[in-house]
Amino acid sequence: MTSIPRPSRRHLLVGGVVGALALAATAVLPSTDAMAATGCAVTYTTNSWQGGFTATAAIQNLGNPVNGWTLGFTFPNSGQRVTQGWSATFQQSGSAVTAQSLSYNGALATGARTTIGFNGSWTTANPAPTAFTLNGTTCTGGTSPTSAPPTTTPPPTTPPPTTGTTPVAINGQLRVCGVNLCNQYGRPIQLRGMSTHGLQWFARCYHDASLDALADDWQADLLRISMYVQEQGYETNPTGFTNQVNTLVDKATARGMYALIDFHTLTPGDPMYNLERAKTFFAAVSARNASKNNVIYEITNEPNGVSWSTIRAYAKQVIPIIRANDPDAVVIVGTRGWSSLGVSEGGNSDEVANNPVRASNIMYAFHFYAASHRDNYRTEVQRAAARIPLFVTEFGTVTYSGDGAVDTASSTAWLDLLDRLKISYANWTYSDASEGSAAFKPGTCNGGTYAGTTVLTDSGNFMRNRIRTPDNFPTS
Ligand code: IDC
């Protein structure tokens, strides 16, 4: 890789704004002579659909330790292209692709593994590349390694054993059983947590200190990662937002919380408007997070002005893309009328119950704002909960504007109902937005304190008190 290809043929695909900047700042470059004893193994996994695919490459260094690496491979077919990569900086020239390590995954000890991935497009066929190189050495599974390499290709990384006291450690991989969300013991559980505000506006609120407070002080089970698609969201920078979501998934994972990835469509209300973006986004995040047991996918936030059959048609196209990578993940489908089960547009949950999405491990979103949505909505939720699996992926203690005073009576009635029915929920928002629904007082995210009550609004206080009570998850 000494010659610089002509810019017009070179496609620079960065693994993310953060990763690319970190790479430039620390100038981690592949060391050319670090693999005196050489060897590497690559497991390439791909899922393909008409014109598109997602792929991961699990790399194992079987040579001497390296501090920075470049993986090289060539697509067999001239129409194959990398369109968006993660966990490496991808470049393509003709059919030749390189993926360069980022600052956080460049160091690979002998035997160490790392996984990278990308979305791609293809025209006539999509065969897998057959030869890979790592820092110029062909990956044959090991030539003269310094320590005994495995003779077979390593299996994909599996989640750590589920022991410990965090929500994920106790409950493990979730699945839908009947109308409930069930844990690894097949017992119904309720997850209680918070939703981020729009990542495009409030990224400064989501970092180690604030998420420590959510996990430890609030004792939350769940972080909903709300990635707007419009309003300066995903559509303006798909790679950057994909990486931001993945970073937050990792932070939730590190704290034993479930991560709910919200593809936050809102305006326009027709999810089909964002169908191609949804396919690209969910192919990337499901491939990247496939080996985790704590990721839940919410494929459209609040459909509005569209029929249930349109939402269903959207789900039918997006769910298989997730399932190709992560077959057992729970997927949540938004419902008509801003995820009101149709009620806010004059309908009811019968349209869903009579015509459900034909896939396993599916739940349906219900949203409410306690000061706007009261008894008739609660009645409908109670009726629907007997027939279809519900997940309150978003609700507010205030009016549907997101602002105003906490309606304590209605919020309490709602949460008592959800507790009784074991319906999981995420509250809007874990942010310091200047609006009544925000949990933190304005300016909180400029400081370093998130735990305790002095930083909280009325809504934050109300929610922290509800979420902090013991979960009592069943363990057998
Ligand atoms: C609101 C935010 C507000 C923002 C607005 C526009 O609180 O700061 O300006 O979105 O994007 C929803 C939506 C959610 C709304 C929330 C409150 O899912 O995006 O957030 N709400 O209006 N549905 C019902 C209410």
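Where both bridge residues fall in segment 361-476, DSSP classifies roughly 10% of the beta bridges as antiparallel. Among the aspartates and glutamates, select those whose C-alpha is under 12 Å from the C-alpha of K422, and discard any that sit fewer than 8 residues away in the same chain. Candidates past the 8-residue exclusion: D471.
Which three numbers, in whole Å and largest first, are the semi-axes of the equivalent ellipsoid of the chain derived from its Cα gyration tensor as √(5λ)? Kindly include the intermediate steps, with their values, before the conclusion.
Numbers: eigenvalues 335, 113, 89 Å².
Largest first, the chain gives 41, 24, 21 Å.
3J(HN,Hα) along segment 110-121, derived from phi through the Karplus expression 6.51 cos²θ - 1.76 cosθ + 1.60 where θ = phi - 60°, amounts to 4, x, 6, 10, 8, 10, 10, x, 7, 9, x, 10 Hz, with x in place of Gly and Pro.
Quick check on packing: order 86-93, 321-328 by the mean number of other C-beta atoms within 10 Å, highest mean leading. Present the calculation step by step, with values, prior to reporting the outcome.
Details: 86-93: 22.6, 321-328: 19.2.
Per-residue Cβ counts within 10 Å, averaged per peptide and sorted highest first, yield 86-93, 321-328.
The relative contact order of the chain, computed from alpha carbon pairs under 8 Å that lie at least 6 residues apart in sequence, is 13 percent.
Which of Y228, V82, S210 sits closest to the plus end of the dipole of the chain, meaning its Cα is farthest towards the positive end, when Lys and Arg get +1 and Asp and Glu get -1 on the C-beta? Checked the options; the winner is V82. Restricting segment 351-393 to trypsin sites (Lys or Arg not before Pro) that sit in a DSSP loop and have at most 10 other Cβ atoms within 10 Å of their own Cβ leaves R358. The simple Förster model, with R0 at 25 Å and r as the Cβ-Cβ distance, assigns T267 and A353 a FRET efficiency of 0.35.
When only alpha carbons are used to place a centre, segment 163-227 and segment 61-125 end up 31 Å from one another. Packing, as the average of other Cβ atoms within 10 Å across residues, places the peptides 395-404, 208-217 in the order 395-404, 208-217, highest first.
If you place +1 on the Cβ of every Lys and Arg, -1 on the Cβ of every Asp and Glu, and leave all else neutral, what size is the dipole of the chain about its Cα centre, to the nearest 20 Debye?
On the way: 31 positive and 30 negative charges, 213 e Å.
In total the dipole reaches around 1020 debye.
Taking amide H as placed 1.01 Å from N in the peptide plane, G334 has its amide H under 5 Å from the amide H of I299, T300, A365, each at least 5 places away in sequence or on another chain.
Scoring 256-267, 445-456, 413-424, 329-340 by mean Cβ neighbours within 10 Å over their residues and listing the highest first yields 329-340, 256-267, 413-424, 445-456. Listed by chain and number, the aspartates and glutamates whose C-alpha is less than 15 Å from the C-alpha of K441, apart from same-chain residues fewer than 8 away, are D403, D432, D458.
FYI, it's all coordinate maths here, none of it is from the lab. Please read these numbers as outputs of a predicted model, since none were measured by experiment. A quick note on method: Cβ atoms are made from the backbone with ideal geometry, for glycine too, and the neighbour counts reach across all protein chains shown.
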